[in-house]
Amino acid sequence: MEKIEAIVFDMDGVLLDTESICDRTWAMAAKKMGISTDVDFINECRGTNFHDTTIILKRCLGEDFDVEGFMKLTSEYFHEIEFGEGIPLMPYAKEILEYLKPKYPLVLASSTRGESVKRQLTNAALIDFFETRTTGDMVTHSKPDPEIYKMACASIGIAPEKCLAIEDSPNGIKSAAAAGLKVIMIPDKIQPTEKIKALCSHVFDSLQGLKTVL
């Protein structure tokens with residue numbers, strides 16, 4: 001791709017298969033709290049930080065819903081799985097980072113809290129690929145707001161229009177596109193609509209597809 005000077009990666013569902021674990025933990029917490037899983041609140045929350053997740057959950061489940069209790073449960077369940085089973089890499093994750101690292105500066109833009117991002121990337125032996133990490137606790141509004149991508153580009157001093165975002169979720173796609181980045185989607189849990197496809201330069205089945213254009 002012409003005029004690309006840096007690549008900004010999302011983490012969850014792009015590099016690490018955390019989304020599959022989240023699906024399990026949210027289902028477990030919903031069952032314990034008696035919440036109907038027919039309400040499609042998890043997909044709307046993909047890619048958002050705690051602040052925006054709280055807003056979405058209260059809108060979907062009611063203003064009186066115990067968001068803090070629910071999120072505490074999901075966190076406890078997630079840690080049990082993370083430390084008991086580990087977090088799998090997404091297909092070709094390390095391979096594509098090794099391929100791109102000599103060509104471009106690589107940075108991270110993840111809605112997950114910084115402490116968790118650091119721990120999970122370290123355990124996956126991926127942390128050293130990235131020059132900077134912009135995380136959910138560093139921004140007021142997470143994806144689909146463009147704040148996190150603007151901040152990630154600023155962290156390396158490269159204009160957003162010269163950067164490429166690698167994303168898996170509609171919220172992430174909207175965030176990167178609104179910030180002015182070119183976007184490639186690698187769908188994980190949600191397939192793109194025509195509107196989402198229109199925001200992307202390419203949509204690939206896996207990270208390996210990046211080799212065809214970068």
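Just give me the residues in the stretch 185-202 being open to solvent by 60 Å² or more (accessible area, probe 1.4 Å) and either of a type in the set (Lys, Arg) or within 16 Å of the chain's Cα centre (by Cα) (or both), in sequence order.
Of everything in the stretch 185-202, those that are open to solvent by 60 Å² or more (accessible area, probe 1.4 Å) and either of a type in the set (Lys, Arg) or within 16 Å of the chain's Cα centre (by Cα) (or both) turn out to be Lys189, Gln191, Lys195, Lys197.
Cβ contacts < 9 Å: first residue over 15 Å from Thr18 (Cβ atoms), restricted to the stretch 69-82; second residue open to solvent by less than 40 Å² (accessible area, probe 1.4 Å) and outside any helix (DSSP H, G or I), any location; separation 6+ or different chain. Result?
Matching pairs, first to second residue: Phe70/Ile35.
Cβ-Cβ under 8 Å, sequence separation 6+ or interchain: first residue in the stretch 84-111 and closer than 19 Å to Pro187 by Cβ, partner part of a helix (DSSP H, G or I) and among the charged types (D, E, K, R). Which pairs?
Qualifying pairs under 8 Å: Ile96/Lys211.
Consider the stretch 80-106. How many of its residues are closer than 19 Å to Cys45 by Cβ and open to solvent by less than 20 Å² (accessible area, probe 1.4 Å)?
The initial filter retains those residues of the stretch 80-106 that are closer than 19 Å to Cys45 by Cβ, namely 81-82, 87.
Still in the running and open to solvent by less than 20 Å² (accessible area, probe 1.4 Å): 81-82.
Residues that pass the stated criteria total 2.
When the stretch 57-79 is examined, which residues are found to be in a helix (DSSP H, G or I) and open to solvent by less than 40 Å² (accessible area, probe 1.4 Å)?
Step one: of the stretch 57-79, the residues in a helix (DSSP H, G or I) are 57-61, 67-79.
Result: Leu57, Val67, Gly69, Phe70, Met71, Leu73, Thr74, Tyr77, Phe78.
How many of the residues making up the stretch 107-162 are open to solvent by 20 Å² or more (accessible area, probe 1.4 Å), under 11 Å from Asn49 (Cβ atoms) and not in a helix (DSSP H, G or I)?
5
Look at the stretch 165-179 and say how many of its residues are closer than 24 Å to Thr212 by Cβ and surrounded by fewer than 24 Cβ atoms within 10 Å (Cβ to Cβ).
Initial filter on the stretch 165-179 (closer than 24 Å to Thr212 by Cβ): 165-170, 172-173, 176-177.
Filter once more, so that each one left must be surrounded by fewer than 24 Cβ atoms within 10 Å (Cβ to Cβ): 170, 177.
Going through the stretch 165-179 one residue at a time, the tally reaches 2.
Give the number of residues within the stretch 22-47 that are touching a residue at least 40 places away in the same chain (Cβ under 8 Å), closer than 20 Å to Ala109 by Cα and not charged (D, E, K, R).
Residues flagged as touching a residue at least 40 places away in the same chain (Cβ under 8 Å), closer than 20 Å to Ala109 by Cα and not charged (D, E, K, R) within the stretch 22-47 amount to 3.
In the stretch 163-198, which residues are assigned to a helix (DSSP H, G or I), of a type outside the set (Gly, Ala, Ser) and farther than 19 Å from Ile56 by Cβ? Before the answer, list the steps.
The first filter runs over the stretch 163-198 and keeps only residues assigned to a helix (DSSP H, G or I), leaving 170-179, 194-198.
If we keep only those that are of a type outside the set (Gly, Ala, Ser) too, we end up with 170-171, 173-174, 194-197.
Passing the criteria: Glu194, Lys195, Lys197.
The values are calculated or read from the model by the stated rules, or taken from the named source; none is laboratory data. It should be emphasised that the depicted structure is a prediction, and the values quoted were computed from it without experimental measurement. Every residue, glycine among them, receives a Cβ derived from its backbone with ideal geometry; neighbour counts consider all protein chains shown. Only protein heavy atoms, including side chains, enter the accessible area calculation; ligands, DNA and RNA are left aside. Shrake-Rupley method; radii C 1.70, N 1.55, O 1.52, S 1.80 Å.
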